[in-house]
Structure formats: C-alpha cells, structure tokens
Amino acid sequence: MTKIDERKNIIITLKSMCGERKKGIDKRIQFIKGLSILNLIIAIICSGIIIATIILEPLGLGYFKWEMMGLLTILNINFVLPLPKFFFEFKLLNLHNKISDKKDFIGIEKLNAELKTIVNQLNKDVKYNMFYLPLILVILISGIVQVTSKIQTLTGIT
C-alpha cells in the first residue's frame, strides 16, 4: 500500500454528519454541498430576523416580539454549529478525489500523521455537543426570566 492510499484511507475514516458513508465520495460531496448551502441560507434568514427584531423593536416597528425569539435563536444555533464540520468534510472529500492519481512524495508520512490527528479530532462529536448545552441553557434561563417577568408585570406581582 502506498502512502497516498494510506492518505485516502485516513480521509475515508472521517465520520460523516450526513448519514451513510457507503454512498460514494461524489454523492457525499454533492449532498454535503447542498446541505451546507441550505443550512447557510436558513441561518442567514434566522439571523436577519433576529437582528431586525433587535433593531426595530425599540423603535416600535418590529413584526416579531423579542420574547418569542428564543426558539428562533436555538434554531439558528442548530444550523450554524455544524457548518465548520461540513466545510472540513467537503474539503477532505475533494482532496480524496484530487489525490487519486498522485504519486508518493517526500514528507508524506508527516502529512499523513497530521491528517490522521485532524480527522480524529473531527470524529469527536463531544466538542460540538459541549457547545450546544451551555448555549441552550443560557437561552432557556433567559427565556424563563423573560416569561416570569412578563407574568409578574401582567399580574401586578413585584
């Protein structure tokens, strides 16, 4: 087995966030590209609504109430957080296709070791789950504070 083949095998060990790895490299590239574009579009729309609400609500021009933005914020976070992994997976799969006809060269062992380290880090989903929990807890606590303060205002309890 050549070092280029070893490099391709390292790339194939990357766990996909998008389901099966048996679909083939080209189909995975197309699927990841489409899913990334869809996630990016939805994240931009959600962010635009949130920013517009933040800017327009104090002026009394907003269509959305800030109290109802918690769910949209969580939705936006869910679409933004996987984008870096989609990008890295897309770049690695493209690299797999580009090196198919290449020959071994000096220093490839070191590059393979670095690539293996990167792929192992990307395969650890714990890092991404660690982002979700604190963000969702902060949003949940903020939402509870907003709801309870609104209920206290409506009932006259101070």
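No lab work stands behind these numbers, since they all come straight from the coordinates. Just so we're clear, the structure is a prediction, and the values are computed from it rather than from any experiment. Neighbour counts are summed over all protein chains in view; Cβ atoms, including those assigned to glycine, are modelled from backbone coordinates with ideal geometry.
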Subject >> Derived scalar couplings ³J(HN,Hα) [segment 89-99; Karplus, 6.51 cos²θ - 1.76 cosθ + 1.60; whole Hz; x for Gly, Pro] >> reply: 5, 4, 5, 5, 5, 5, 4, 4, 5, 6, 8
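Determine, from the Cβ-Cβ distance of residue 57 and residue 141 and an R0 of 25 Å, the FRET efficiency 1/(1 + (r/R0)^6), rounded to the nearest 0.05.
Details: r = 21 Å, r/R0 = 0.83.
Step by step, r from the Cβ atoms, then E = 0.75.
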**OP:** Just order 73-83, 41-51 by mean Cβ neighbour count inside 10 Å, highest at the front, would you?
**Re:** 73-83, 41-51
